[in-house]
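The values are calculated or read from the model by the stated rules, or taken from the named source; none is laboratory data. Given the structure is predicted, the values throughout are model-derived calculations rather than measurements. All Cβ positions, glycine included, derive from the backbone under ideal geometry; neighbour counts span all protein chains shown. Heavy atoms of the whole protein, side chains included, go into the accessibility calculation; ligands, DNA and RNA do not. Shrake-Rupley method; radii C 1.70, N 1.55, O 1.52, S 1.80 Å.
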Amino acid sequence: MTADVLEINDALTQYDPVLGLEVHVELNTKSKMFCGCPTEFGAPPNTQTCPVCLGLPGALPVVNAKAVESAIKIGLALNCEIAEWCRFARKNYFYPDMPKNFQTSQYDEPIAFNGWTEVVVDGETYRIEIERAHMEEDTGKSTHVGGATGRIHGASHSLVDYNRAGIPLIEIVTKTIEVPPAKAAAVARAYVSMLRDLLFALGVSDVRMDQGSLRCDANVSLKPHGSTVLGTRTETKNVNSFRSVERAVTYEITRQAAVLSSGGKVLQETRHWHEDTGITTSGREKSDADDYRYFPEPDLVPVAPSREWVEELRATLPEAPSLRRVRLQEDWGFTDLEMRDVINGNALEPIVATIELGVTPAAAKKWWLGELARSANESGQDLDALGVGPAEVAEVQKLVDDGTLNDKLARQVFEGLLAGEGTPAEIIEKRGLALVSDDSALLEAIDRAIAANPDVVEKVNSGKPAAAGALIGAVMKDMRGQADAAKVRQLLNEKLGI
Amino acid sequence: MSDLTRKTAAELAELMTSGQASSVEITQAHLDRIAAVDGAVHAFLHVDTEGALAQAKAVDDKRTAAKKSGEQLSPLAGVPLALKDVLTQEGVPTTAGSKILEGWKPPYDSTVVKRLKAAGIVILGKTNMDEFAMGSSTENSAYGTTHNPWDLARIPGGSGGGSSAAISAYEAPLAIGTDTGGSIRQPGAFTGTVGVKPTYGGTSRYGLIALASSLDTPGPCARTTLDAALLHEAIAGYDPMDSTSINQPVPAVVEAARNGDVAGLRIGVVKELGGEGYQSGVEARFHEAVELLTKLGAEVVEVSCPHFEYALPAYYLILPSEASSNLAKFDAMRYGLRVGDDGTNSAETVTSLTREAGFGAEVKRRIILGTHALSSGYYDAYYGQAQKVRTLIARDFAKAYEQVDVLVSPATPTTAFAIGDRIDDPIAMYKNDLCTIPSNLAGNAAASFPCGLADEDGLPVGFHVMAPVMRDDLLYKVGAALESALAEQWGGVLMTKAPELEVTR
Ligand SMILES: [Zn+2]
């Protein structure tokens, strides 16, 4: 038996990867796509349902105008054309978590089409063509009980939660992405990350990959160097973090390369991504015989957004991410290198949000690229999945600014936050981290330092005030770091009369 | 007061207004009639005795209170009605004539039912129908065939045979039907009653268990034109829950039914709907009716609608296509029948076993037909082509309405046929709806009015009127004119000629 995967470099010397990305975005509308049910995440199962989203006999859908508005905004932000007239279509297939056994979606008449966007990887800009963005409804969510894997295979029964059924989704589909082979996986990641930022800025979605409001399916195929014939592609489903997008694409490249170089054939199939082991496994085999029997949804009337409305929405769009980046870098006074670190670290939006809360750009960058990025890297999580957000960062920085904490103590507070020990105040209390601001305690420590270091005092008195630094160090050590060094210096200077 | 069941809805309303009868009395009389004759007719699948009497009592109480407060009750408040079992009524079994929904009690009211309740109309129960409204005889019901009160050996038409039989058997003065290809009008014709298919979008489909979403239309069934119009007015109008609902005022149907004046009205006889394949007695009564309208001052011309001949094949592609998708939800997972759930079978197997046991032959036939017609590689040739025919038929109508105000034809090629006669010949069965289908494909308004009995079998013949979208009032105008002219000849409406049913207890 040959190796399961090739080394990525070996794979890329023989094959060029061809990518296509399908991203599903759950909109943050108050109500569902075709009924008035609420869309809050995490409600008890089947409490946000009605005859329409349960697909009960006789119930009919009505289009959520706000969802159409969001779809148009997304289309415009991706430089798409917006359809003057388009219809919903039924995608027919059976699955227990789909109440009607068809999904109301769009087929050959998407609301937005023919767009493009750009991503930056290692300072290079890559253009990505957008095929379409269309509206559809989400399915319910199945939980398979009794099996070892949590998958349907081997389960004794399944539970279905229809709260998610009918939540508005926008599916954004790229055209074929062909970039320098070595960049493919990084571009895929950058694209999803860029989309997240864009959708966040548009305010149309919570864009939480960890909660499934942004989901990515990656289509990967390989073609031999120099060939123009496309290979068989696989579709890796539900890759749920930016990091996983890159890893999953890389894995599929190396796996398919191993199959092809040993003379095998890549199967056209759906594959599952396993976050823990970093591999994909075979799912449902797809074939050209998959037939969803699309036809125009007879229960809905066509959507025909007026040009005036489209232009009104265009006027509300936030500035393009690439322009915005240039502007922010100027505002913040970051160097190109610093800005690249921010972008590559996915820290742009958190830093923007932190600065909006009154923190200086330098301080915001320090925490997000320092403590927090390190922790995210170590735990293999995305920065926004850490559980520490701009509000916490701003709170900690405020405590630094008012002298309650110094940087060293602040890092310990972040440690506590990341470990889920509570609010900054609680952590300071529990861990006993606050700086000693009581002058008498500091003065006592200063007295001890002076008494213990007569030689240093001698030096200072003989006209070498710089030598006092050693005394400050001694006091800080005495206070186990929990003192404001500037304060110590001031008191010491008074004491020594300098 | 057994004669209460012989009254029209308008007369019953008058009796209640003048205090001569209560809704409870009227409702009870009809429940008694159902108990007496429905064993033979089998119009009802479910009789909601308690619910109906409670509703009647509530209306009577409201009327008493209204006398003091001066509040106006709705025109049909307290009048009983039979509801086709395809519309949901909260807490009342709703089967659509199918085993697969046996025992299902919907948790919500359809818009039609909401409006009936709001108008104080008392719902007696649910009427029999061909399974999922697929059929023209009620023989496809999973719960047995309904018998035609004019001749119990014959079918009452379908799919809404139960609703039309109920009113022609005097079990209810009013009924609700749904019309996808003629399911209100053809049973109306076969039972000597009035059946109206409103403009598509003129009545709400919310809560109507879908057969073909782009064709289904709820509408009124009654023994007189005025009764049909009163019921039409009670249920029609814009519904935000149905995206295909038309946001316009309801046409003045009651006024039209009260003043049936056809003087100067331009009537077009559709050339293609007659001749070969039409029973002689049907043609004879139809042409007499046309002459009668001419005498009343209508201007009658012949009009050609050349694409109507393609209506039937187009219909039998569009309907099964939509139905195959609409019926996919019946998978045993959430409601209704569940077969084979023994802890070993997969969900897929349970779905298969349930659909095998729960769907009848005609339903399976149309699911297979529709699934095939929508398949990739066939879509353009079948579904796509059928949609083009639909456009051509709509153009035929539009062109015709440039020349005339309404179009007319026989409602059906024949009178009611014998039970079992066509059950093995789907094509012969489908041809029943030759005259009625074009109006569904074009979405315009149409109705069948009684116009006499065929000489050869003594069975009722229906006169079919078609009117432009949202000109439902024109149907009633013609219907009322015909009704009063014929009543002069017959000394009453056609129903008075119906044989008396044997009463059993
Ligand atoms: Zn809902």
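Would you mind finding the one in B:THR127, B:THR138 that is among the hydroxyl-bearing types (Ser, Thr, Tyr), open to solvent by less than 10 Å² (accessible area, probe 1.4 Å) and free of Cβ contacts under 8 Å to residues at least 60 places away in the same chain? Just one listed residue meets the conditions, B:THR138. Under the condition of being under 21 Å from B:ALA234 (Cα atoms), in a helix (DSSP H, G or I) and not β-branched (Val, Ile, Thr), the residues counted in region B:1-29 number 9.
Within region A:95-114, is there a residue that is polar (S, T, N, Q), touching an Asp or Glu at 6+ places or on another chain (Cβ under 8 Å) and part of a loop (DSSP other than H, G, I, E, B)? The answer is yes, given that some residue of region A:95-114 is polar (S, T, N, Q), touching an Asp or Glu at 6+ places or on another chain (Cβ under 8 Å) and part of a loop (DSSP other than H, G, I, E, B).
Is there a residue being more than 23 Å from the chain's Cα centre (by Cα) and modelled with pLDDT under 95 anywhere in region A:68-85? For region A:68-85, residues more than 23 Å from the chain's Cα centre (by Cα) and modelled with pLDDT under 95: absent. Can you name the condition, by its number, that A:VAL62 falls short on among (1) at positive phi; (2) within 14 Å of another protein chain (Cβ to nearest Cβ)? Every listed condition holds for A:VAL62 apart from (1). Answer yes or no: is there a residue in region B:161-172 that is away from every other protein chain (no Cβ under 14 Å), open to solvent by 10 Å² or more (accessible area, probe 1.4 Å), at pLDDT 95 or above and under 23 Å from B:LEU230 (Cα atoms). Checked region B:161-172: at least one residue is away from every other protein chain (no Cβ under 14 Å), open to solvent by 10 Å² or more (accessible area, probe 1.4 Å), at pLDDT 95 or above and under 23 Å from B:LEU230 (Cα atoms).
Scanning region A:13-55 for residues that are open to solvent by 30 Å² or more (accessible area, probe 1.4 Å), away from the ligand (no atom under 16 Å from the Cβ), out of contact with any Ser or Thr (no Cβ under 7 Å at 6 or more places or on another chain) and within 26 Å of A:LYS237 (Cα to Cα) returns A:ASP16, A:GLU22, A:GLY42. The residue of region A:341-366 that is farthest from the chain's Cα centre (by Cα), among those that are small (Gly, Ala, Ser) and in a loop (DSSP other than H, G, I, E, B), is A:GLY358.
Inside region B:242-264, can you point out the residues that are open to solvent by 40 Å² or more (accessible area, probe 1.4 Å) and in a helix (DSSP H, G or I)? Scanning region B:242-264 gives B:GLU255, B:ARG258.
Of the candidates B:LYS68, B:LYS114, the single residue that is within 25 Å of B:MET241 (Cα to Cα), part of a helix (DSSP H, G or I) and open to solvent by 20 Å² or more (accessible area, probe 1.4 Å) is B:LYS114.
For region B:227-244, residues that are touching a residue at least 40 places away in the same chain (Cβ under 8 Å) and within 12 Å of another protein chain (Cβ to nearest Cβ) total 4. Restricted to region A:160-193, and to residues that are of a type outside the set (Val, Ile, Thr) and within 16 Å of the ligand (Cβ to nearest atom), which residue is nearest to the other protein chains (Cβ to nearest Cβ)? Within region A:160-193, the match that is nearest to the other protein chains (Cβ to nearest Cβ) is A:TYR162. Residues in region B:351-380 that are surrounded by fewer than 19 Cβ atoms within 10 Å (Cβ to Cβ) and more than 9 Å from chain A (Cβ to nearest Cβ): 13 in all.
For region A:275-301, a residue qualifies if it is loosely packed, with under 13 Cβ neighbours inside 10 Å and not polar (S, T, N, Q), and the qualifying residues are A:ASP276, A:ARG284, A:GLU285, A:ASP288, A:ALA289, A:ASP290. In region A:89-100, the residues that are within 7 Å of chain B (Cβ to nearest Cβ) and open to solvent by 30 Å² or more (accessible area, probe 1.4 Å) form Cβ pairs under 6 Å with partners that are aliphatic (A, V, I, L, M) and part of a loop (DSSP other than H, G, I, E, B), at six or more places apart or across chains, as follows: A:PRO96/B:MET333.
If you filter region B:156-198 down to residues that are among the hydrophobic types (A, V, I, L, M, F, W, C) and within 18 Å of B:ALA236 (Cα to Cα), you find that the one that is farthest from the chain's Cα centre (by Cα) is B:LEU174. Being in a loop (DSSP other than H, G, I, E, B), more than 14 Å from chain A (Cβ to nearest Cβ) and either in contact (Cβ under 8 Å) with a residue 40 or more places away in the chain or within 16 Å of the chain's Cα centre (by Cα) (or both) is a description that does not apply to B:TYR108.
Among the residues of region A:124-138, is there at least one that is of a type outside the set (Asp, Glu) and assigned to a loop (DSSP other than H, G, I, E, B)? Within region A:124-138, none of the residues are of a type outside the set (Asp, Glu) and assigned to a loop (DSSP other than H, G, I, E, B). Taken together, the residues in region A:367-422 that are under 17 Å from the mean Cα position of the chain (by Cα) and either assigned by TED's automatic domain parsing to the domain that holds A:ALA486 or open to solvent by 30 Å² or more (accessible area, probe 1.4 Å) (or both) amount to 10.
Filter region B:321-350 down to the residues that are surrounded by 22 or more Cβ atoms within 10 Å (Cβ to Cβ) and basic (Lys, Arg) and list them by number. B:LYS329 - this is the single residue of region B:321-350 that is surrounded by 22 or more Cβ atoms within 10 Å (Cβ to Cβ) and basic (Lys, Arg).
Just to be sure before I move on: is B:LEU474 out of contact with any Cys (no Cβ under 8 Å at 6 or more places or on another chain), open to solvent by less than 20 Å² (accessible area, probe 1.4 Å) and either at pLDDT 95 or above or outside any helix (DSSP H, G or I) (or both) in the structure I sent? So B:LEU474 fits the description; yes. Taking strands (runs of 3 or more DSSP E) as the structural unit, those lying wholly within region A:232-313 and holding at least 3 residues that are over 21 Å from A:GLU178 (Cα atoms) correspond to A:269-274, A:279-285.
Within region A:59-75, being surrounded by 22 or more Cβ atoms within 10 Å (Cβ to Cβ), more than 10 Å from the ligand (Cβ to nearest atom) and more than 22 Å from A:VAL207 (Cα to Cα) holds for one residue alone: A:LEU60.
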